[in-house]
Amino acid sequence: MESLATLLSLKEAIQEYVHDGATLALEGFTHLIPYAAGHEIVRQKRRDLTVIRMTPDLIYDQMIGTGCVSRLQFSWGGNPGVGSLHRLRDAVENSWPRPLEIVEHAHAGMAAAYAAGAAGLPFGMLRGYLGSDLPKYNPQIKFIECPFTGERLAAIPAIRPDVTIIHAQKADHRGNVLMWGVVGVQKEAALAAKHAIVTVEEIVHKLDASPNAVVLPSWVVSAVCEVKGGAFPSYAQGYYARNNAFYKAWDAIARERDSFEDWMNRYVFGVKDFHEFRSAVEAARA
Amino acid sequence: MESLATLLSLKEAIQEYVHDGATLALEGFTHLIPYAAGHEIVRQKRRDLTVIRMTPDLIYDQMIGTGCVSRLQFSWGGNPGVGSLHRLRDAVENSWPRPLEIVEHAHAGMAAAYAAGAAGLPFGMLRGYLGSDLPKYNPQIKFIECPFTGERLAAIPAIRPDVTIIHAQKADHRGNVLMWGVVGVQKEAALAAKHAIVTVEEIVHKLDASPNAVVLPSWVVSAVCEVKGGAFPSYAQGYYARNNAFYKAWDAIARERDSFEDWMNRYVFGVKDFHEFRSAVEAARA
Amino acid sequence: MPETHYTADEMMTIAAARMLRNGTVCFVGIGLPSAAANVARLTHAPDVVLIYESGPIGTKPSVLPLSIGDGELAETAETVVSIPEMFAYWLQGGRIDFGFLGAAQIDRFANINTTVIGDYRGPKTRLPGAGGAPEIAASSKEVLITLRQNKRAFVPKLDFVTSGGHFDGGDARQRMGLPGKGPVAVITDLCIMTPDHATKELTLTSLHPGVTLEKVMESTGWPLKVSTHLAVTPEPAEVELSVLRDLNERTARAHAGQA
Amino acid sequence: MPETHYTADEMMTIAAARMLRNGTVCFVGIGLPSAAANVARLTHAPDVVLIYESGPIGTKPSVLPLSIGDGELAETAETVVSIPEMFAYWLQGGRIDFGFLGAAQIDRFANINTTVIGDYRGPKTRLPGAGGAPEIAASSKEVLITLRQNKRAFVPKLDFVTSGGHFDGGDARQRMGLPGKGPVAVITDLCIMTPDHATKELTLTSLHPGVTLEKVMESTGWPLKVSTHLAVTPEPAEVELSVLRDLNERTARAHAGQA
């Protein structure tokens, strides 16, 4: 028997479900990235996390730079359209603030591995990594043979996080979740996890979902947390646009350890929650 | 370079794309079954077809009973909620009107095989057929081993029809197709085929699709044919309901060869097109 | 059998409905399983989650579907997913608490046949086939089976194993890698049988009111084991009967209306 | 180099745009590929179908996305699919005519590196990594590569092969089972190179206006083969330049506006 999602504060949800040493996936492909949840994990100083994400983005840069993470599984680790994730690079190149083990894939492999996790299969299969050096360095990439044609196909172990955290546009009072637009791999990531935490822009009486909408029923979700603006500086379609200027500004903030730590102290450790964070960022810009 | 869908009459589309000996999939899981297209194939007297469909339904009963089909790949061959498909049974049990080779699966295997076809993979994989006798009689069902866990999983060759025919609610003037509700395996079946023919309830100026709607872009569709009511006696959500009474009435019509042939002569061979068929059926009921 | 104010089919449907615990997730087939699941939803289990293999998740139909994908199911669902997603993410993904199956033949270990009577290559009767059943039987956490009881259906040896129950008993399921617990009850128009804890052989545990042990025995094609704690199934309550009959009437009206 | 009324980057973008035939289906990355694809759409190829790996199919953005999944892409798309569907049904399914890639390093057979400079275990520079590139390179019917030309980028041997081009040349791709034709052109700020028909080694086929052969040679880390029919790339037309500049201005305004 499945239990329904509990409506919790984000602080409570992270306290209850995210433990030191856990394997986490915070997904969101450019859109609906769960920034508020990432900040809360940083504030609660979780350690030794294995974090999984196709596109680490700024939020993993922050989690890595503040020492939450010991292992990263990913497929593209840059600041989109801007350049490097400097904290990720500093961890890989210089082990700062601590060594970071990386498990590196291509997008197609990660997508197949999440889908396998959602489907309860032990591995995902794709025509992938052909001629790439990635399999030389990642023992998670093996090859199998088609029993009918003999074709060689790549096999990747299913991703099964302890906790997946995603951000969505809406939930209803029972905890059913609705998202739309660039929905990425979030449904798969949520279904692959032991526990799914969903932050949402708003909790509404009725979802008013279109007929084949991307809905996660309450009984596959452990906790729903209302966090308006919780995907900033990423975006929530129908609510606010991507703050591309913030992404560009991050390059200078994260480039040096000092400027990064100053920023984190001021805007993440120095605030109570994501609402205060956004107010502080707004104030600094004004 | 992909070419856009051509707007054709159904008669022209069947003439152009459906040839004797071809492998066809007419999909639609209870909803949006392409009846009009099936009737047109019967009227054009195609022969030696290999037909694929998860749930053969009345339309394949008609195609089999009129001798179009030499081979059937399927996973559930009944009249839903009513009983047998008598023409399918007569073909399997008594080779009437001609012998019918069957390739038999379970739904999960067919679904995985269609998805593999759409994904350009040589086979679909599932945890399936465990302890079932089906693999003893169907050489299409093999087993592979997970390279990480050693688990034994079923493998089914990808389905790749020469032509897939589906029915959808709408297309726009460029041939982009929109469907909603019970969408079954139609997207996969269309993408797995060399050619996809789509009959639609109406051709509109603009699809007005919701953000993550099931849309087949024009460039993956070979022909679009406007056939109002083309899914009768199945249904088109938003247009008309399933005619459950017709499904029940079919049992008596198809039970004997004579009554079946009389009905086919009167309502399929005796009419010009599906519009005339529906008028004749309406008139008979009045 | 004494005269009752309900039919044997009504008893069977209601006994099956009672098995569904509130809040569980049920994968529902057409016919009796659909009736039982919706009676459960409209009586003791308002929060039961009904899933039909055609794609609707969390559906609340007001009339019973004739087919597995009637429009009513899609219109009242929380969402509708594709068939590949349904079988991969929802069934194979291990999210189904109860899978609900019918059968043409069943054996003492609750293996079932829905494929052929007679030889597969030259069948006496060709049945509809597997549909979703083999994987519903494999992946649901628990499986419920309902069918009418007679010697043609309850056979010592299946003509064809479509979907696995407990195979040859004991821990056979686990050894063969089937994830779910398998059949936990067989509910017929005469009685309820459950697998023995150790051997997994079906054991008569409850007779429907007015049904004799002899009647069950002569309707079963093997010497059926009988529980030492043989119970009598509680009669349908008024509310159960009226909900079921209302549902059947609404359904008959709706399906006839389109002729 | 003589003074021109356009920049080398503009020439590169427009040369790349010209490669996209009208009505083709293009899998577009961010940055220069996105600019080139949209210039093509707004000039000679109005029916080009643009697909971004984040999910939008048939998108028509009015400004260039900074990220691969900006809202503008979803809002103007015919539909938006999930990431697993995008990579399985659309890319691996063989539906992409042109895959458009950038690179940090490239070799003479158009293999590319976007992973590390230096040793993988102790890198000098850690780059973003593979993203969609290995499978875009494998499964697109044709691949276009754009990058600025210099000896740090055009190297005799890659530090890491992220995505396969023509491997060690000849029919290596086919032998290794990659479905698409592989790179058909490398477009830089200096010139256009295409693989030799037989050996698949990159061959200089067109110099951008004002660029000397010497300049190209000294910007390439191996002795570059030169076509016997060496052409000069036509200068950007006014309409191409104005479309590109309008697009860049609208984009700059849109991205700054949110700061």
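Where a number appears in this text, it was derived from the coordinates with a stated rule and is not lab data. Bear in mind the structure is a predicted one, so any value in this text is a computation, not a measurement. Glycine gets a Cβ as well: all are built from the backbone with ideal geometry, and neighbour counts include every protein chain shown.
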(message) Per residue of region A:173-182, what does 6.51 cos²θ - 1.76 cosθ + 1.60 with θ = phi - 60° give for ³J(HN,Hα)? Whole Hz please, x for Gly and Pro, Karplus curve as stated.
(response) 5, 7, x, 6, 10, 10, 9, 8, x, 6
(request) Mind listing the long-range amide H neighbours of residue A:168? Cut-off is under 5 Å, sequence gap 5 or more, other chains count too, H placed in the peptide plane at 1.01 Å from N. (result) A:199, A:200, A:201
(request) Name the lysines eligible as straight-distance cross-link partners of residue D:215: C-alpha to C-alpha under 26 Å, and not fewer than 8 places from it in the same chain. (result) D:151, D:157, D:200, D:225
(request) Compute the relative contact order of chain A as a whole-number percentage, counting only Cα pairs closer than 8 Å that sit 6 or more residues apart in sequence. (result) 23 percent
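Mind listing which GluC sites (Glu not before Pro) in region D:1-107 are in a DSSP loop and have 14 or fewer other Cβ atoms within 10 Å?
Details: sites: D:3, D:10, D:53, D:72, D:75, D:78, D:85; in loops: D:3, D:53, D:78.
Passing sites in region D:1-107 are D:3.
For region C:83-194, what's the relative contact order in percent, using C-alpha pairs closer than 8 Å and at least 6 residues apart?
On the way: 226 pairs, mean separation 35.6, N = 112.
Over region C:83-194, the number comes to 32 percent.
For residue B:245 and residue D:62, FRET efficiency with R0 = 41 Å and r from the beta-carbon atoms, rounded to 0.05? List each step's numbers first, then the result.
On the way: r = 52 Å, r/R0 = 1.26.
E(calc), rounded to 0.05, equals 0.20.
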(message) Distance in whole Å from the D-onto-C rotation axis to the closest C-beta of chain D, together with the residue it belongs to, please.
(response) D:85, 5
(request) Under a 10 Å cutoff between Cα atoms, tell me which one of B:147, B:139, B:97 has the largest fluctuation in the Gaussian network model of chain B. (result) B:147
(request) Quick one: give the max-minus-min coordinate of the C-alpha atoms of the protein assembly as shown along each principal axis, largest first, in Å. (result) 104, 65, 48
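Beyond 18 Å, what share of the Cα-Cα pairs of region B:149-264 is found? Please give it as a whole percent. Display every interim value, and only then the final one.
On the way: 4031 of 6670 pairs.
Here the long-distance tail beyond 18 Å is 60 percent of all Cα pairs in region B:149-264.
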(request) Can you grab the distance from the C-alpha centre of region B:127-173 to the C-alpha centre of region D:106-142, Å, no decimals? (result) 34 Å
(request) Tally the DSSP beta bridges in chain B and give the antiparallel ones as a percent, rounded to 5. (result) 35 percent
(request) Note the per residue figure in Å³ for the convex hull of the C-alpha positions in chain A. (result) 138 Å³
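Rank these for me by crowding, D:218, B:226, going from fewest to most other beta carbons within 10 Å. Before the final figure, lay out the partial values.
Values: D:218 11, B:226 16.
Final ranking by Cβ density, sparse to dense: D:218, B:226.
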(request) State to the nearest 20 debye the size of the charge dipole of the protein assembly as shown about its Cα centre, where the only charges are +1 on K and R beta carbons and -1 on D and E beta carbons. (result) 1220 debye
(message) Within 14 Å, Cβ to Cβ, of residue B:31, how many net charges do the neighbouring residues add up to if Lys/Arg are +1 and Asp/Glu are -1?
(response) -4
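How many partner chain Cβ atoms sit within 10 Å of a residue's Cβ in peptide A:78-88, on average, as a whole number? Don't skip to the end; give the middle numbers.
Details: counts 7, 3, 11, 10, 3, 2, 4, 2, 0, 0, 2.
Per residue, the number of nearby Cβ atoms from other chains is 4 on average.
Of the DSSP beta bridges with both residues in region D:8-255, give the percent that are antiparallel, rounding to the nearest 5. Could the numbers behind the result be given before it?
Values: 16 of 35 bridges.
So the antiparallel bridges in region D:8-255 amount to around 45 percent.
Taking Cα atoms of region B:34-129, Rg/Rh with Kirkwood Rh, to two decimals? All intermediate terms of the calculation are to be shown ahead of the outcome.
Working: Rg = 13.9 Å, Rh = 14.0 Å.
When Rh is taken as the Kirkwood radius, the ratio is 1.00.
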(request) Give the percent of DSSP beta bridges with both residues in the protein assembly as shown that are antiparallel, rounded to the nearest 5. (result) 40 percent
(message) Given points 7 Å out from each Cα along the Cα-Cβ axis, report the residue A:151 to residue B:252 separation in nanometres with one decimal.
(response) 5.1 nm
(request) For chain D, with a Gaussian network of springs between Cα atoms less than 10 Å apart, report the residue from D:110, D:77, D:35 with the top mean-square fluctuation. (result) D:77
(request) Set Lys and Arg Cβ to +1 and Asp and Glu Cβ to -1, take the dipole of region A:176-286 about its Cα centre, and tell me which of A:237, A:247, A:209 lies farthest positive. (result) A:209
(message) Which one, C:30, C:115, C:54, is farthest towards the positive end of the dipole of region C:8-255 when Lys and Arg carry +1 and Asp and Glu -1 on their Cβ?
(response) C:115
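Assuming R0 = 30 Å, can you tell me the calculated FRET efficiency for the pair residue B:205 and residue A:208, based on Cβ-Cβ distance, to the nearest 0.05? Could the numbers behind the result be given before it?
Numbers: r = 25 Å, r/R0 = 0.84.
E(calc), rounded to 0.05, equals 0.75.
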(message) Could you give me D for region A:3-46, from Stokes-Einstein at 37 °C and 0.692 mPa s, where the hydrodynamic radius is the Kirkwood radius over C-alpha pairs? Units µm² s⁻¹, please.
(response) 286 µm²/s
(request) Quote the relative contact order of region B:2-95 in percent (integer), defining contacts as alpha-carbon pairs under 8 Å separated by 6+ residues. (result) 23 percent
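Using a Förster distance of 56 angstrom, determine the FRET efficiency expected from the C-beta separation of residue B:6 and residue C:218, and round it to 0.05.
Values: r = 65 Å, r/R0 = 1.17.
It comes to 0.30.
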(request) For region C:8-255, divide the Cα radius of gyration by the Kirkwood radius and give the resulting Rg/Rh value with two decimals. (result) 0.95
